[in-house]
1. Remind me, relative contact order of segment 49-100 in percent, using alpha carbon pairs under 8 angstrom and six or more residues apart?
2. So if each residue of separation counts as 0.36 nm, and I subtract the Cα-Cα distance between residue 103 and residue 58, what length gain in nm does that give?
3. Taking only Cα atoms and a 10 Å spring cutoff, compute GNM fluctuations for the chain and point out the largest among 63, 96, 129.
4. Would you work out which of 52, 88, 14 lies farthest towards the positive end of the dipole of the chain, given +1 charges on the beta-carbon of Lys and Arg and -1 on that of Asp and Glu, about the Cα centre?
5. With a 10 Å Cβ neighbour count serving as the proxy for reagent exposure, in which order, fewest first, do 40, 30, 46 appear?
6. What's the angle, to the nearest 10 degrees (0 to 90), between helix 115-132's Cα axis and the longest principal axis of the chain?
7. If you place +1 on the Cβ of every Lys and Arg, -1 on the Cβ of every Asp and Glu, and leave all else neutral, what size is the dipole of segment 11-149 about its Cα centre, to the nearest 20 Debye?
8. May I ask you to derive the FRET efficiency for residue 123 and residue 75 from their Cβ-Cβ distance with R0 = 25 Å, giving the value to the nearest 0.05?
Amino acid sequence: MGIGNYYLTNAHTVYVDHDQVYGEWDSSKDQYIFIETEDDFAFHYDDFIEVLADLIPVTYSLFSERVIEFDRHECRRMIAENGFYRISVVEYHGYFAVNVELKAAHESEPWEFNPLAIHGHARAATRIFDLLATRYELRVRTSAWTSGKRAA
C-alpha cells in the first residue's frame, strides 16, 4: 500500500506537483531539470511561495516572517490570513498542498469556527484556487489514494 493523499481537516486543498515548481523529472540524471544543487530547491520553493503570495487577494494579510506550524507529523508554512481563513502550504510526497483553512474563532466566541466563515469557506477557497490556476495546473483529492485534475 502506498502513501495516501494529503488531507487537512477544516480546509479546502489543491495540489501542485513538484515538477511544476522544480521542472520536469529527468530520469537519466535522476533529478528535476531546474535543480542542480540543494540550494536550487530552496530558490524554486521560495519562488513558488512568492507567486502564491502575489496572487492572494488584498483582503488577506501576508505573514511577514516565515511562520511554520507543526501538527502531528506535518509542517505547514503559513502564507496569509484574514479574519476567517488562513492560507498554508505543505510539501508532501511529490507535490505541494495549498490549503485554505478555517481559522479558529476567538476564545470568547461560543463556537469553534465563525458560522459566516463556514458558510463562505468553499467560495473563498475557490477564489484563491482560481487565481492559483492561472499559473499552475491544480489537482484535487478524489479519494484517500487518488487525485484528479481540478475542474475550472
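1. Relative contact order of segment 49-100: 24 percent.
2. Computed gain between residue 103 and residue 58 is 14.5 nm.
3. For the chain, modelled as a Gaussian network with Cα springs under 10 Å, the answer is 63.
4. 14
5. In order of increasing Cβ crowding within 10 Å: 30, 46, 40.
6. 30
7. Here segment 11-149 has a charge dipole of around 760 debye.
8. 0.35
Laboratory data are not the source of any read-out in this text; all were calculated from the coordinates shown. This structure is a prediction, so every number in the text was calculated from the model and none was measured. In this analysis, Cβ positions are derived from the backbone assuming ideal geometry, glycine residues included, and neighbour counts consider all displayed protein chains.
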